[in-house]
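To start, the structure itself, in structure tokens.
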């Protein structure tokens, strides 16, 4: 506890600039402790500054609890919230010390939570006051809160990044930049001898733009297709709801019945529902106009209106009681029918309102579907590919795009190699002009070799014509042998067919069992997780109960021993030759110890009184011992000059001459 208070005092002096020590901090009263807590919360930006002596007590209470909730403080476990709140507001020292220790121990977390609480707090607006404008503002506010959360999360992630990692990234980016610059220089060197390179670059740029346009159109098309599908499903669902789970009546009687229901519903809406709504809106409009034309009400006007309302309510209650007293419940036989009629009327009004809402929603979705269809028609024309045709078309485009990229890469490689070879040939020609003549001779030799090969091919064709008859005979023999082999293989093929069918059936069964096994394993694993958690909780509870049982067992053992001592004392008190009781023995031991302590104190006082004489005697004996040592030392040393020693019985004297 002392270490905790020391920590609190040190942190308060650092954060609030105070000059507390343990004595001053312990001398603070309840209001001063609460003021220190409020100042610390204000320092952490959890709220505005408050003075507990000047501000209202209720205001201070509400603001203090709001500040603690904004920093997400929770009372210690095992303490009821109401008791904790009462102790905190009463200025209990232990409670406030616990709150201060928690706040100062989690200083960074509290500051961050208080900072976020200012921007994540949603205003509490009653549902009676909310309108469409207020609801739109609340939705916009919620969206801004979500955006703020994302930005704050990214900011925190950037703050947590290490500076060394950022420096390493910058170095790697610099190295990559140098590599890219070198590659660009090499490409520029290779493109020196390439003709029409500007045209090729423009064509590649146009190709890239068209590919990006193609991706955008494909993404837009997929998005519109999904929107169209969603709108169609919603339209189908609403039609099913309106027509009683059947969008198209099957028989003539169903059609007539459906039309009669629609006519009855529309007549009810026109004759009863809409006039009621228009009259209620007119009344509300009149009330709003009256309120707008009137002056701003004062406090006295509000009190007068409240008194009138209370008087009217009391009068209505009095009239209702008089009516209940005048009418007998037994004679009112129409009361159940009235209640049923009221319930039916309410259900009818609710159904009519629901139908009105669904009709409006259906019209909105139909308009959205029509807009989407018109947009798709404008983008893709009258013919719209769907299903398998669209997949085939997309796959064809992907194949052509892949082939084009591969051919373009090959073409660029060939152009680079051609440029390198052309430049190499030019350099070689400049260094040695005889190389060009050697190349011309090589081409001539190649042409001669080609002519020789063509002549050889003509001779081979003549030989082939001669041996064509032999080849036809060989083919006939081979076909005959092949038919024989097929006849031999046919029984084996007939035996393989049922085995193949059986293998397919077994394969299907295997796949089915595999899917069942996977689903079962997933289900079992999902069910085992809560069971494991439950077992862990029960194990913890069992351990706690065992600890409690051990503690109770020790207490019971101690109580039993005390009970035995008490029973022995009671029996001893009832016996005539009474033995000394435990209390008397303890008192006797206490008196003996006190006597010993008293004797020791007297000895201590005696020793203290004799301490001066003893010290003087000790000093004299020490001097005497030192003198004797000096004499012994002087006697043992060899005599360098004549000496004379005069010794008597009482004293000894050493005289040097």
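The values are calculated or read from the model by the stated rules, or taken from the named source; none is laboratory data. Just so you know, these numbers come straight off a predicted model, no measurement behind them. Cβ placement follows ideal geometry from the backbone for every residue including glycine, while neighbour counts extend to all protein chains displayed.
State the number of residues belonging to segment 3-41 that are out of contact with any helix residue (DSSP H, G or I) (no Cβ under 8 Å at 6 or more places or on another chain) and free of Cβ contacts under 8 Å to residues at least 40 places away in the same chain. Full working, then the answer.
Quick first cut of segment 3-41, residues out of contact with any helix residue (DSSP H, G or I) (no Cβ under 8 Å at 6 or more places or on another chain) only: 3, 10, 13-14, 17, 23-24, 27, 29, 31-32, 35.
Checking the rest, the ones that are also free of Cβ contacts under 8 Å to residues at least 40 places away in the same chain come to 3, 10, 13-14, 17, 23-24, 27, 32, 35.
The total comes to 10.
Could you tell me whether segment 131-141 includes any residue that is assigned to a loop (DSSP other than H, G, I, E, B), at pLDDT below 75 and closer than 30 Å to residue 361 by Cα? Yes, that holds for at least one residue.
Only one residue in 526, 521 is in a helix (DSSP H, G or I), surrounded by fewer than 10 Cβ atoms within 10 Å (Cβ to Cβ) and under 32 Å from the mean Cα position of the chain (by Cα), so which one is that?
On the way: 521 fails: surrounded by fewer than 10 Cβ atoms within 10 Å (Cβ to Cβ).
Answer to the check: 526.
In segment 46-94, what count of residues is obtained for those that are over 34 Å from the mean Cα position of the chain (by Cα) and within 22 Å of residue 111 (Cβ to Cβ)? The number of residues fulfilling the criteria is 1.
What residue, of 58, 54, 11, is part of a helix (DSSP H, G or I) and modelled with pLDDT under 80?
Details: 54 fails: part of a helix (DSSP H, G or I); 11 fails: modelled with pLDDT under 80.
Just one listed residue meets the conditions, 58.
If I filter segment 1-11 for residues that are surrounded by 12 or more Cβ atoms within 10 Å (Cβ to Cβ), within 21 Å of residue 112 (Cα to Cα) and more than 31 Å from the chain's Cα centre (by Cα), do I get at least one hit?
First, the residues of segment 1-11 that are surrounded by 12 or more Cβ atoms within 10 Å (Cβ to Cβ): 4-11.
Narrowing the set further to residues that are within 21 Å of residue 112 (Cα to Cα) leaves 8, 11.
When the remaining residues are screened for being more than 31 Å from the chain's Cα centre (by Cα), the result is 8, 11.
Yes, there is a match, as at least one residue in segment 1-11 is surrounded by 12 or more Cβ atoms within 10 Å (Cβ to Cβ), within 21 Å of residue 112 (Cα to Cα) and more than 31 Å from the chain's Cα centre (by Cα).
The single condition among (1) touching a helix residue (DSSP H, G or I) at 6+ places or on another chain (Cβ under 6 Å); (2) surrounded by 12 or more Cβ atoms within 10 Å (Cβ to Cβ); (3) under 30 Å from residue 150 (Cα atoms) that residue 68 does not satisfy is (1). Restrict the check to segment 273-289 and report whether at least one residue is under 30 Å from residue 346 (Cβ atoms), in contact (Cβ under 8 Å) with a residue 40 or more places away in the chain and assigned to a helix (DSSP H, G or I). Yes, because at least one residue in segment 273-289 is under 30 Å from residue 346 (Cβ atoms), in contact (Cβ under 8 Å) with a residue 40 or more places away in the chain and assigned to a helix (DSSP H, G or I).
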